[in-house]
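First comes the structure, then the notes that go with it.
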């Protein structure tokens with residue numbers, strides 16, 4: 001008798017569910033890791049919050065939307081970094097959904113799900129996500 005892995009069967013039968021499970025698992029992991037283990041904000045996040053606090057229309061650092069969103073998330077979370085970490089993971093989930101939607105229209109749902117799962121497996125798309133901005 002031929003046995004098929006549950007993951008292969010999930011990709012074959014419900015590719016959008018596989019994408020959502022992978023995206024939410026990645027978001028939960030990279031929301032909890034910095035919140036529990038980082039002593040301070042990573043990378044340029046303090047600079048992003050400092051520029052966002054002023055609500056300037058533009059700086060030499062680039063367009064202001066990321067700075068404004070980071071400051072808004074920081075304020076809505078009660079002046080806590082968890083808001084910025086949550087915002088970064090929301091942006092990652094939206095990116096995965098956009099890649100899935102675009103690829104689904106080009107190559108079909110199963111291959112689109114594989115594209116997103118390959119993105120989840122690349123460290124450049126996962127590890128630096130808490131460093132918003």
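The values are calculated or read from the model by the stated rules, or taken from the named source; none is laboratory data. Here the structure is a predicted model, which is why all the values come from computation and not from measurement. Backbone-built Cβ (ideal geometry, glycine too); neighbour counts: all protein chains shown.
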Please find, among 33, 94, 19, the residue that is modelled with pLDDT of 90 or more and either in contact with a strand residue (DSSP E or B) (Cβ under 8 Å, 6 or more places away or on another chain) or within 13 Å of residue 130 (Cβ to Cβ) (or both). 33
Per-region count, region 56-102, residues at positive phi and touching a helix residue (DSSP H, G or I) at 6+ places or on another chain (Cβ under 6 Å): 0
Residue identified as within 27 Å of residue 8 (Cβ to Cβ) and assigned to a helix (DSSP H, G or I) among 72, 87, 28: 28
Looking at (1) in contact with a helix residue (DSSP H, G or I) (Cβ under 8 Å, 6 or more places away or on another chain); (2) surrounded by fewer than 19 Cβ atoms within 10 Å (Cβ to Cβ); (3) in a helix (DSSP H, G or I), which is the one condition that is false for residue 33? (1)
Specify the residue that is surrounded by the fewest Cβ atoms within 10 Å (Cβ to Cβ); the eligible residues are those in region 96-133 that are within 11 Å of the chain's Cα centre (by Cα) and part of a loop (DSSP other than H, G, I, E, B). 127
Just name the residue that is surrounded by the most Cβ atoms within 10 Å (Cβ to Cβ) out of those in region 47-95 that are closer than 24 Å to residue 125 by Cβ and over 19 Å from the mean Cα position of the chain (by Cα). 52
Of all residues in region 14-30, which are surrounded by 14 or more Cβ atoms within 10 Å (Cβ to Cβ) and farther than 20 Å from residue 111 by Cα? 27, 30
